[in-house]
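The next block holds one structure in the form of structure tokens; read it before the comments.
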Amino acid sequence: MKKLITGLLSLLLALFVNSALFADNGIVNSLEGKVEVFRNNEWQALKVYDEIYPEELIASAFDSSINIKFGESSVTLGSLSRLIFEEYKINNGEEKVKVELLTGYLDANIQQTSSVLSEFVVKTSDFVTSAQIAEYRVTSYGKLTCNKGAVIAYSRSTYDFIQEKMGLNEEDYEEYVAEDSDDLLASDLEELISENKASNEIPKGAIVLSAKQECLIDANGNPTRPMDISKSKSKRAVSKLATRAQIESEIIGIPSGK
């Protein structure tokens with residue numbers, strides 16, 4: 001199982017290492033409705049081709065959205081959502097992006113070319129996601145959906161701890177790192193992940209979603225096991241029908257289940 005997750009998990013170590021990289025900015029690729037950035041102590045309207053600078057807050061209005069590009073990759077912030085762009089760093093052809101979703105939802109489109117390796121991190125108050133090649137949706141209320149590729153998620157508390165304690169001794173560090181595959185909730189990623197990027201050090205409780213899978217993550221950053229999107233939709237549909245039957249039975253006297 002460890003070999004199945006080597007490619008994605010190798011990037012996690014890089015996320016915990018401070019390095020002198022060249023900082024760059026995001027670019028507004030497309031925009032619908034009203035989207036603003038908090039800049040120079042005031043809200044300013046954004047437009048296509050504007051630059052987004054590190055540590056800036058972006059907010060979208062009702063029925064509005066914005067697509068921000070970082071090299072080959074991008075995020076699309078949905079309606080009534082807020083995002084902090086933390087950093088975009090380039091070093092020797094490698095790109096590292098970090099954003100934080102405060103409210104609402106975003107769609108991440110993470111690409112990799114022959115000359116560029118992307119390490120894309122999306123944080124929320126409860127959990128953190130990272131990916132190299134993937135298309136997925138993150139919500140601030142704990143739902144993660146992977147549409148293409150693969151994405152890894154783990155608790156925000158673990159991420160913050162390792163970021164703050166770079167000088168951990170081996171014993172303390174192991175408390176936050178999975179010892180073997182039994183500590184990892186993972187789907188079969190053998191065809192998605194290269195075995196030449198080995199790393200066995202991963203946060204405890206991490207989960208890996210492959211294409212067409214989703215999960216829920218609670219306020220403590222604990223994810224459910226991956227569920228196929230088709231099965232999840234079917235389950236929700238059955239639940240809605242059951243709820244409707246119950247309401248009809250209670251309100252208008254129609255026997256439940258008929």
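The values are calculated or read from the model by the stated rules, or taken from the named source; none is laboratory data. Since this is a predicted model, take the numbers as computed values, not measurements.
For G93, the test of being modelled with pLDDT under 75 and of a type in the set (G, A, S) is passed.
Within region 132-143, the set of residues being assigned to a strand (DSSP E or B) and either modelled with pLDDT under 85 or among the polar types (S, T, N, Q) (or both) comprises just one member, T139.
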